[in-house]
Amino acid sequence: MLDLRQFCACCVIFLTVAGSVWSATASEQGFPFGRELMLDVAPMRGSKRVPILEIEQDGAASLDLWCNSVRGKASVGEDSITIVPDTAPPAQCAPERQSNDENLLAALSQVTNWRRSGEVIELIGATTLRFRLMTN
């Protein structure tokens with residue numbers, strides 16, 4: 001039979017393991033503030049660049065688009081999100097890339113909700129945008 005010390009030691013170990021598993025699961029489901037989110041698309045022909053979004057805890061947003069980079073503000077709730085990008089500066093790139101930048105900025109401006117499934121973050125609005133957490 002287990003004596004009282006062994007029983008208490010087993011309880012402490014169990015609670016420690018259960019707590020760490022629970023906190024890891026909870027953190028995987030929250031919004032990944034301060035992490036780079038890469039748009040889940042293939043790079044455009046002739047480039048390796050893919051748009052990246054990063055939102056800080058204070059709401060500062062950084063958007064690296066197909067050819068331009070833009071700052072903005074974001075408000076993130078439990079499952080809601082609003083992104084207001086600043087005006088993009090003039091870009092020196094192909095018209096196709098500029099058009100894709102404008103379309104992506106418009107889509108980001110229309111998102112209203114978000115959901116997370118592991119490493120995938122979906123921004124839901126008129127168009128659902130799928131991002132992946134950068135892991136490197």
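So if each residue of separation counts as 0.36 nm, and I subtract the Cα-Cα distance between Gln57 and Val41, what length gain in nm does that give? Could the numbers behind the result be given before it?
On the way: separation 16, 0.36 × 16 = 5.76 nm, distance 2.57 nm.
Gain on extension, Gln57 to Val41, equals 3.2 nm.
Take the Cβ-Cβ distance between Asn103 and Lys48 as r, set R0 to 30 Å, and report the resulting FRET efficiency rounded to the nearest 0.05.
0.90
What is the order of Cys93, Cys67, fewest Cβ neighbours within 10 Å to most?
Cys93, Cys67
Sorted from fewest to most neighbouring beta carbons within 10 Å, what does the list Phe33, Phe131 look like?
Lowest count first: Phe33, Phe131.
Note down the net charge around Glu54, summing +1 for each Lys or Arg and -1 for each Asp or Glu among other residues with Cβ under 9 Å from its Cβ.
Spelling it out: positives minus negatives among the neighbours equals -2.
Taking loop as defined by DSSP and a crowding limit of 16 other beta carbons within 10 Å, which GluC sites (Glu not before Pro) in segment 50-112 fit? If you can, show how the numbers build up before the last one.
Details: sites: Glu54, Glu56, Glu78, Glu96, Glu102; in loops: Glu56, Glu78.
Taking segment 50-112 and a limit of 16 other Cβ atoms within 10 Å, the loop GluC sites (Glu not before Pro) found are Glu56, Glu78.
Each reported figure results from applying straightforward, stated rules to the coordinates on display, with no laboratory input. Keep in mind that this is a model prediction, so the values were computed, not measured. Every residue, glycine as well, gets a Cβ built from its backbone with ideal geometry; the counts of neighbours run over all protein chains shown.
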